[in-house]
Amino acid sequence: MNDTPSLPPRDLLARWDDQQAAYVAHRDLRFDAMFDVLDLHLPPDFHALDLACGPGSLADRALRRFPHASFTAVDHDPLLLHVARGVLADHGDRASVLDTDLVRDDWSAPLAGRTFDAVLSSTALHWLSPTDLLRVYTRLAELLAPGAVLLNADHLRFGPDQETLRSLSAEHDTRVQRAAFAAGADTWDDWFALAAGQPGMGPVAAERERRFAGRPPQPPAPLHFHLSALRTAGFGEVGTVWQYLDDHVVLARR
């Protein structure tokens, strides 16, 4: 018998946000920085791509902040896609959710015929190897029109040449997580166990296991790699628009 409580997508998203806040201090501030850029740089009716959207947290926030905008959200995790579809359905035809695998050469095929004013991603692209990351950035530069922007929010870890900063960041992460988990936030593993245990999610969870079997965590790519890769990919202007210790929001303008 499954004793996991049945939760609607928005309740799962709320617990996801609490879980993510345990791993990303001041997470709301990084979103504020991203949305300020969109507000300052784009028309109100912009169309954005949420790259590796997870359960739809970023797109959902943006669609509520920008009532005339629209989003296409993509991911390859079937469990997260299931939650994202439930959450983003609240926004009607302003949001669509697509399944695509960023490690495939043809990952952008489902986007054929769509144009984007912005690409956003949050706590996701560190799953890609440096080679895959450069390939994704290159394809995005090809997809975007001049003036479009890419905003990537992620932990971009300090290297061994910045030992003090790396140590401070690690200790800060430890303290934030300790406090969040003591207050009742789910861990990463706890949240996925909860989501996978929802009624009817057994086949979806099994498909998730199949898709990601044999994909080990990738070595973290530091800030300078992302900036260099974006320039190499064809973006004309790159830089950091927000930073807290090793948490960054990187901007690239096509």
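Quick note: the coordinates plus some simple rules give every number you see, no bench work behind them. These figures come from a predicted structure and were not determined experimentally. All Cβ positions, even for glycine, are placed from backbone atoms using ideal geometry, and neighbour counts span all protein chains on display.
Summary of values
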{"quantity": "Inter-centroid distance (Cα atoms) of region 23-71 relative to region 165-195, Å", "calculated": "24 Å"}
{"quantity": "Selected from Arg135, Arg61, Arg210 as most flexible by GNM, with the chain as the system and alpha-carbon contacts under 10 Å", "calculated": "Arg210"}
{"quantity": "Where labels lie 7 Å past Cα in the beta-carbon direction, separation of Gln218 and Ala170 in nm", "calculated": "2.3 nm"}
{"quantity": "Whether region 120-254 is rounded, prolate or oblate, judged on the alpha carbon gyration tensor where a/c under 1.5 counts as rounded", "calculated": "oblate"}
{"quantity": "Dipole in debye (nearest 20) - region 9-253, about Cα centre, beta carbon charges: Lys, Arg +1; Asp, Glu -1", "calculated": "180 debye"}
{"quantity": "Antiparallel DSSP beta bridges within the chain, percent to nearest 5", "calculated": "45 percent"}
{"quantity": "Under Karplus coefficients 6.51, -1.76 and 1.60, residue-wise ³J(HN,Hα) of region 185-194 in Hz, glycine/proline x", "calculated": "5, 5, 7, 3, 5, 4, 5, 5, 5, 4"}
{"quantity": "Helix-only mean residue ellipticity at 222 nm for the chain, each DSSP H run of n ≥ 4 adding -39500 (n - 2.57), per residue, nearest 500", "calculated": "-14500 deg cm²/dmol"}
{"quantity": "Calculated from backbone phi, Karplus (6.51, -1.76, 1.60) coupling profile of region 24-35 in Hz, x at Gly/Pro", "calculated": "10, 5, 6, 4, 4, 5, 5, 5, 4, 5, 4, 6"}
{"quantity": "The chain: most fluctuating residue of Leu102, Leu128, Leu168 per GNM, C-alpha cutoff 10 Å", "calculated": "Leu168"}
{"quantity": "For the chain, built as a Gaussian network whose Cα springs stay under 10 Å, the top-fluctuating residue of Gly234, Gly202, Gly54", "calculated": "Gly202"}
{"quantity": "Prolate/oblate/rounded call for region 168-208, Cα gyration tensor, a/c under 1.5 rounded", "calculated": "oblate"}
{"quantity": "Neighbour-count ranking [beta-carbon atoms within 10 angstrom, fewest first] of Ser70, Ser167, Ser121, Ser96", "calculated": "Ser167, Ser96, Ser70, Ser121"}
{"quantity": "FRET E, pair Arg178, Ala206, Förster distance 25 Å, beta-carbon r, rounded to 0.05", "calculated": "0.15"}
{"quantity": "Cα gyration tensor category, rounded, prolate or oblate, for region 9-253 with a/c compared to 1.5", "calculated": "rounded"}
